[in-house]
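J.: My questions all concern the structure below.
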Amino acid sequence: MRPVYQRVMIKLSGEALQGKGAPSGINSEALMSIAEEIREVHRLGCGIGLVVGGGNIFRGVSRDKKVVDQVTADYMGMLATVINGLALQSALEKIGVETRVQSALEMRQFCELYIRRRALRHLEKGRVVIFVGGTGNPYFTTDTAAALKAVEIGAEVILKATKVDGIYSADPVKQPGARRYSRLTYDEILHHHLGIMDIAAISLCRENRLPIVVFNLFEKGNLKRVICGGGRRTIVEAGRK
């Protein structure tokens, strides 16, 4: 199998690390499973950037608004992504994948501060670069951080890892008859409010003609298949003129 992309950005939710049935936290089995999937892609010679969310530790939308304000909640969420990024780094390096964590917030005791040229150098040396801390600003999601970092590092695609094998017309769990799309345009995503990523992230991808591939991370070997141009997935890109 040969990759169709030479440099990718993987967008991973924090919930992916908590495993099945767990209400929160990091599940060791889930963590190692994801690390092994990434290792298989790394062996293909792909440059890999990774943005991870923090929803398994703290979700700002579920805060008590009378106690925690929006800006504070967003900073708490950024810190949660740092915890997840360090866990992923440890798991990857235990199985032989050299990794660097770069944060949008200065945390020199734990990880590097994000510097674009340094990130590019790490990728050139074959290291997986995990970007944490979101954009470093409140009111922006890790989806937007993934789109922003993907453009900055010259990624050819954003791989949006989910629990389903693409984008559907409705929640396929609640509506078994929902239609799965094989391809969509950025405008269709926005027009139909499909909600796979936030508006800022979709708009940034559209402006830079950066494709988004939505796939099921939890199907063993699927990340590798998708990077090699196969597997069940939905591709979001610009419409043909």
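J.: For the range 49-90, what are the residues that are in a helix (DSSP H, G or I) and of a type in the set (Asp, Glu)?
T.: As a first pass, look at the range 49-90 and keep what is in a helix (DSSP H, G or I): 60-62, 70-90.
Hit for the range 49-90 is Asp74, nothing else.
J.: If you don't mind, another one. Going through the range 198-210 one residue at a time, which ones are buried (at least 17 other Cβ atoms within 10 Å of the Cβ), without any contact (Cβ under 8 Å) to a residue 60 or more places away in the chain and under 17 Å from the mean Cα position of the chain (by Cα)?
T.: Scanning the range 198-210 gives Ile202, Cys205.
J.: Would you say Glu93 is part of a helix (DSSP H, G or I), among the acidic types (Asp, Glu) and under 22 Å from Ala119 (Cα atoms)?
T.: Working: part of a helix (DSSP H, G or I): yes; among the acidic types (Asp, Glu): yes; under 22 Å from Ala119 (Cα atoms): yes.
Considered against the rule, which asks whether it is part of a helix (DSSP H, G or I), among the acidic types (Asp, Glu) and under 22 Å from Ala119 (Cα atoms), Glu93 comes out as yes.
J.: Quick one: what pairs do we get from the range 115-135, first residue touching a residue at least 60 places away in the same chain (Cβ under 8 Å), second among the basic types (Lys, Arg) and buried (at least 24 other Cβ atoms within 10 Å of the Cβ), C-beta under 7 Å, 6+ apart or different chains?
T.: What qualifies is Phe131/Lys149.
J.: Considering only the range 197-211, I want to know if a residue exists there that is touching a strand residue (DSSP E or B) at 6+ places or on another chain (Cβ under 7 Å) and charged (D, E, K, R). Spell out the reasoning first.
T.: Initially, the range 197-211 is screened for residues touching a strand residue (DSSP E or B) at 6+ places or on another chain (Cβ under 7 Å), giving 197, 205, 210-211.
Remaining after also requiring charged (D, E, K, R): none.
Looking for residues that are touching a strand residue (DSSP E or B) at 6+ places or on another chain (Cβ under 7 Å) and charged (D, E, K, R), one finds none in the range 197-211, hence no.
J.: For Met1, all conditions in the list (1) in contact with a Ser or Thr (Cβ under 9 Å, 6 or more places away or on another chain); (2) surrounded by fewer than 19 Cβ atoms within 10 Å (Cβ to Cβ) hold save one; what is the number of the exception?
T.: (1)
J.: For the range 213-225, indicate whether the set of residues that are surrounded by fewer than 19 Cβ atoms within 10 Å (Cβ to Cβ) and more than 21 Å from Pro3 (Cα to Cα) is non-empty.
T.: no
J.: Let me ask you something else. Exactly one of (1) touching a Gly at 6+ places or on another chain (Cβ under 9 Å); (2) hydrophobic (A, V, I, L, M, F, W, C); (3) at pLDDT 90 or above; (4) not in a helix (DSSP H, G or I) is unmet by Leu44. Its number?
T.: With (1) touching a Gly at 6+ places or on another chain (Cβ under 9 Å); (2) hydrophobic (A, V, I, L, M, F, W, C); (3) at pLDDT 90 or above; (4) not in a helix (DSSP H, G or I) applied to Leu44, the lone miss is (1).
J.: Would you pick out the residues in the range 1-31 that are part of a helix (DSSP H, G or I) and in contact (Cβ under 8 Å) with a residue 60 or more places away in the chain?
T.: Filtering the range 1-31 down to residues part of a helix (DSSP H, G or I) leaves 14-17, 28-31.
Across the range 1-31, the qualifying residues are Gly14, Ala16, Leu17, Leu31.
J.: Of the conditions (1) within 22 Å of Arg121 (Cβ to Cβ); (2) of a type in the set (S, T, N, Q); (3) in contact with a Gly (Cβ under 6 Å, 6 or more places away or on another chain), Thr99 fails just one. Which one is it?
T.: Going through the list (1) within 22 Å of Arg121 (Cβ to Cβ); (2) of a type in the set (S, T, N, Q); (3) in contact with a Gly (Cβ under 6 Å, 6 or more places away or on another chain), Thr99 breaks only (3).
J.: Okay, moving on. Restricting the first residue to the range 66-93 and requiring it to be over 17 Å from Arg39 (Cβ atoms), which pairs with a second residue that is polar (S, T, N, Q) and exposed (fewer than 13 other Cβ atoms within 10 Å of the Cβ) meet a Cβ separation below 6 Å and a spacing of at least six or different chains?
T.: Note: no pairs meet the criteria.
J.: Any residue that is surrounded by fewer than 19 Cβ atoms within 10 Å (Cβ to Cβ) and either basic (Lys, Arg) or under 15 Å from the mean Cα position of the chain (by Cα) (or both) - is there at least one of those in the range 185-194? Before the answer, list the steps.
T.: Residues of the range 185-194 that are surrounded by fewer than 19 Cβ atoms within 10 Å (Cβ to Cβ), as a first pass: 185, 187-188, 190-193.
Add one more test, that the residue is either basic (Lys, Arg) or under 15 Å from the mean Cα position of the chain (by Cα) (or both), and what stays is none.
The answer is no; no qualifying residue exists.
Okay, residues lined up against (1) surrounded by 14 or more Cβ atoms within 10 Å (Cβ to Cβ); (2) more than 18 Å from the chain's Cα centre (by Cα); (3) farther than 24 Å from Gln70 by Cα; (4) basic (Lys, Arg):
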{"site": "Phe140", "(1), (2), (3), (4)": "yes, no, no, no"}
{"site": "Val157", "(1), (2), (3), (4)": "yes, no, yes, no"}
{"site": "Gly177", "(1), (2), (3), (4)": "no, yes, yes, no"}
{"site": "Arg180", "(1), (2), (3), (4)": "yes, yes, yes, yes"}
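J.: Kindly indicate whether Thr135 is at pLDDT below 95, crowded, with 16+ Cβ neighbours inside 10 Å and not hydrophobic (A, V, I, L, M, F, W, C).
T.: Working: at pLDDT below 95: no; crowded, with 16+ Cβ neighbours inside 10 Å: yes; not hydrophobic (A, V, I, L, M, F, W, C): yes.
For Thr135, the condition - at pLDDT below 95, crowded, with 16+ Cβ neighbours inside 10 Å and not hydrophobic (A, V, I, L, M, F, W, C) - is not met.
J.: For a quick check of your reading of the model, give me the residue pairs whose first member lies in the range 170-187 and is on the phi < 0 side of the Ramachandran plot, whose second is aromatic (Phe, Trp, Tyr), with beta-carbon atoms closer than 9 Å and at least 6 apart or on different chains.
T.: Matching pairs, first to second residue: Gln175/Tyr168; Ala178/Tyr168; Arg179/Tyr168; Arg180/Tyr168; Tyr181/Tyr168.
The values are calculated or read from the model by the stated rules, or taken from the named source; none is laboratory data. These figures come from a predicted structure and were not determined experimentally. Neighbour counts are summed over all protein chains in view; Cβ atoms, including those assigned to glycine, are modelled from backbone coordinates with ideal geometry.
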